[in-house]
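First the structure, in the form of structure tokens, and then the observations on it.
The values are calculated or read from the model by the stated rules, or taken from the named source; none is laboratory data. Predicted model, so just to flag it, every value in this text is computed and none were measured. Cβ sites come from the backbone with ideal geometry, for glycine too, and all protein chains shown count toward neighbours. Please note that ligands, DNA and RNA were not included when accessible areas were found on the heavy atoms of the full protein model with its side chains. Shrake-Rupley method; radii C 1.70, N 1.55, O 1.52, S 1.80 Å.
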Amino acid sequence: MPAGALANLSPAGAPLLVRYDLPAARSQADRDAVERGARSLWRYAPLLPLRDPRNLVTLGEGLTPLLETPRLGERIGSRNLLIKDESANPTGTFKARGMAVAVSMAKELGARKLAAPSAGNAAGALAAYAARAGLEAHLFLPVDVPRANAIECEAMGAHVTLVDGLISDCGRIVAERRESEGWFEVSTLKEPYRIEGKKTMGFELAEQLGWRVPDAIFYPTGGGVGLIGMWKAFAELEEMGWIGSKRPRMIAVQASGCAPIVRAWEAGEIESRHWENASTVASGLRVPKALGDFLVLEALRQSRGTALSIDDQETLDAGLLLAESEGLFVAPEGATCVAAARRLLRDGFLSRDDELLIYNTGTGLKYLEAWETRCTPRTTARERLGGLIVPR
């Protein structure tokens, strides 16, 4: 399918992926130029789809911290543990990357009304970038979405509908109404550009490591677009001659209350089946059936990776371990990866000397309802301060 027009899925109903003339790009761009480029994900513009920079919609997304975490590593059995902290993005999550590129392309290609279902964070990012671009955003979220997500969307002028159901029910409503309402749908993998923003996590990681990749990447997997995007990014970087042929072992981490990809992986299947009665405190992982599940499973096979699920109790415990060890208050989705790393190190799937990379996809501040069950203060402020309180 040619570029230059708004498009959702292929005629066969499959996701569309952007392909580039990489030999031409290689002759026109080099790594040194990238390192001198914009202080955002747009430093990788030669490998992104936007043609006219006047249509660029940005809030300064990308270039998030890559942090050594030695105290956490010691506590879970790793000598070489890193965390890529995506909470530093606009709107506090990695979703800003995908929406920055998707909204820029929607603007360039003439869309005026954008719509998407969301488990929460994608909605916040779409609301922000649509506001930045002067476009309408129509968002459909489960009624039990974290309150912070609904509030930020309302604050940024989006049209918000809360649905008594899951993200799959929200997606059905968008699909049913998009034609009559004149919406362009920017659901996960139902347009080709969000993945292009997400793949910059792979570009950025390679650059921050001196143009190489780690031994393993732990990725919290709901829709799985970030994992798919990074796998695509590594292939593009190799063809550009910017990295070698080494690939990290890709590890998909899901919640035990919603683990369709893990179930498919363990059964040796090439795609997942719908997960009934999905439930988890990690709302971004509550995706009963990912459109790109077959691409996630393919990346796991090609990389000699794996998939595993973590229950909510272990997730919250791991998140608190990270917070008290390293001062990082992360989303439950990121916390699942801490628990997954500990388990795979204990089981011998990974070595304590392997270089391990955990993606934290968002800030814990958006999940206060989940964290307050484990972090309720045991004493009042007056009791904690005691005699330090000065009477009026």
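Per residue of the chain, what 222 nm ellipticity follows from adding -39500 (n - 2.57) for every DSSP H run with n ≥ 4, rounded to the nearest 500?
-12000 deg cm²/dmol
Give me the one-decimal nm value for the distance between modelled label points at GLU266 and ALA33, 7 Å along each residue's Cα-to-Cβ direction.
4.9 nm
Taking amide H atoms as placed 1.01 Å from N in the peptide plane, list the residues 5 or more away in sequence, or in a different chain, whose amide H sits under 5 Å from that of SER256.
So SER256 has HN proximity to ILE310, ASP311, ASP312.
Tell me, what HN-Hα J-couplings in whole Hz come from the Karplus equation 6.51 cos²θ - 1.76 cosθ + 1.60 at θ = phi - 60° for each residue of the stretch 255-272, using x for Gly and Pro?
Going residue by residue, I get 8, 5, x, 7, 10, x, 6, 4, 4, 5, 4, 5, 8, x, 8, 8, 8, 9 Hz, with x marking Gly and Pro.
Please report, in debye to the nearest 20, how large the charge dipole of the stretch 46-93 is about its Cα centre when each Lys and Arg carries +1 at its beta carbon and each Asp and Glu carries -1 there.
Dipole size: approximately 80 debye.
Exactly which trypsin sites (Lys or Arg not before Pro) in the stretch 77-125 are in a DSSP loop and have at most 15 other Cβ atoms within 10 Å?
Of the trypsin sites (Lys or Arg not before Pro), the ones in loops of the stretch 77-125 whose Cβ has at most 15 other Cβ atoms within 10 Å are ARG79, ARG112.
Quick one: Cα centre-to-centre distance for the stretch 9-32 and the stretch 182-215, in angstrom?
Comparing the Cα centres of the stretch 9-32 and the stretch 182-215, I get a distance of 12 Å.
Taking amide H positions as placed in the peptide plane 1.01 Å from N, state which residues far from ALA137 in sequence (5 or more) or on other chains have amide H under 5 Å from it.
Correct list: LEU114, HIS159.
Regarding the stretch 179-281, what are the three Cα extents along the principal axes, ordered largest first, in Å?
43, 40, 26
With every protein chain kept in place and ligands, DNA and RNA left out, what is the accessible area per residue of the stretch 93-197? Probe 1.4 Å, answer in Å².
On a per-residue basis, 34 Å².
List the residues, sorted by chain then number, that are 5 or more residues from VAL163 or on another chain and whose placed amide H is less than 5 Å from its amide H.
Close amide H contacts, sequence-distant or interchain: LEU141, VAL143.
Are any of the pairs LYS95/LYS232; LYS113/LYS366; LYS246/LYS289 more than 22 Å apart by Cα-Cα distance, and if so, which?
In this structure, LYS113/LYS366; LYS246/LYS289 exceed 22 Å between Cα atoms.
Can you tell which of VAL101, ILE167, ALA119 lies farthest toward the positive end of the dipole of the stretch 49-180, using +1 and -1 charges on the Cβ of basic and acidic side chains (Lys, Arg; Asp, Glu)?
VAL101
Once you have the alpha carbon radius of gyration of the stretch 145-222, what is it after dividing by 2.2 N^0.38 Å, with N set to its residue count?
Normalised by 2.2 N^0.38 Å, the Cα Rg of the stretch 145-222 equals 1.49.
Hey, quick one: spin label on VAL143, modelled 7 Å out along Cα-Cβ, who in the stretch 152-185 has an amide N within reach, i.e. under 12 Å?
162-166
Mind listing the phi-derived Karplus ³J(HN,Hα) values for the stretch 32-43, rounded to whole Hz, using 6.51, -1.76 and 1.60 with θ = phi - 60°, and x for any glycine or proline?
4, 5, 4, 5, 9, x, 4, 8, 7, 5, 6, 5
Name the residue, out of LEU321, LEU109, LEU308, whose mean-square fluctuation peaks in a Gaussian network model built on the chain with Cα pairs under 10 Å.
Sorting by GNM fluctuation, first place goes to LEU109.
Accessible area per residue, 1.4 Å probe, Å², for the stretch 4-62: what's the number?
Value for the stretch 4-62: 58 Å² per residue.
Run through the DSSP bridge list for the chain and note the antiparallel percent, rounded to the nearest 5.
Of those bridges, close to 15 percent are antiparallel.
Quick one: check the C-alpha center-to-center distance for the stretch 65-116 versus the stretch 297-324, whole angstrom.
Each part reduced to its Cα centre gives a spacing of 17 Å.
Could you please state how large a percent of the accessible area of the stretch 121-241 is carbon and sulfur, counting protein chains only and using a 1.4 Å probe?
The value for the stretch 121-241 is 46 percent carbon and sulfur by accessible area.
Dipole of the chain, Cα-centred, from +1 at each Lys and Arg C-beta and -1 at each Asp and Glu C-beta, to the nearest 20 debye?
Dipole size: approximately 500 debye.
Using the Karplus equation 6.51 cos²θ - 1.76 cosθ + 1.60 (θ = phi - 60°), what ³J(HN,Hα) coupling, rounded to whole Hz, does each residue of the stretch 128-139 give in order, writing x for Gly and Pro?
5, 6, 5, 4, 4, 8, x, 10, 7, 10, 10, 10
Could you give the dipole magnitude of the stretch 316-381 about its Cα centre, charging the beta-carbon of Lys and Arg +1 and that of Asp and Glu -1, in debye to the nearest 20?
The calculation lands at about 200 debye.
With a sphere of radius 10 Å drawn around the Cβ of ARG97, what net charge do the other residues whose Cβ falls strictly inside it have (Lys, Arg +1; Asp, Glu -1)?
That sum, taken over residues with Cβ under 10 Å, equals 0.
Between ALA128, ALA24, ALA38, which gets the highest mean-square fluctuation from a Gaussian network model of the chain, Cα cutoff 10 Å?
Looking only at ALA128, ALA24, ALA38, the biggest GNM fluctuation is shown by ALA24.
I want the local charge near GLU271. Using Cβ-Cβ distances under 13 Å, sum +1 for each Lys or Arg and -1 for each Asp or Glu among the other residues.
+1
Springs between alpha-carbon atoms under 10 Å, Gaussian network over the chain: tell me which of VAL296, VAL163, VAL338 tops the mean-square fluctuations.
VAL163
If each residue of separation counts as 0.36 nm, what is the full-extension length gain between ILE173 and GLU276 once their alpha-carbon separation is subtracted?
35.2 nm
Quick one: net charge around ARG177, please, counting Lys, Arg +1 and Asp, Glu -1 for every other residue with C-beta under 12 Å from its C-beta.
Taking every other residue near ARG177 into account, the sum is -1.
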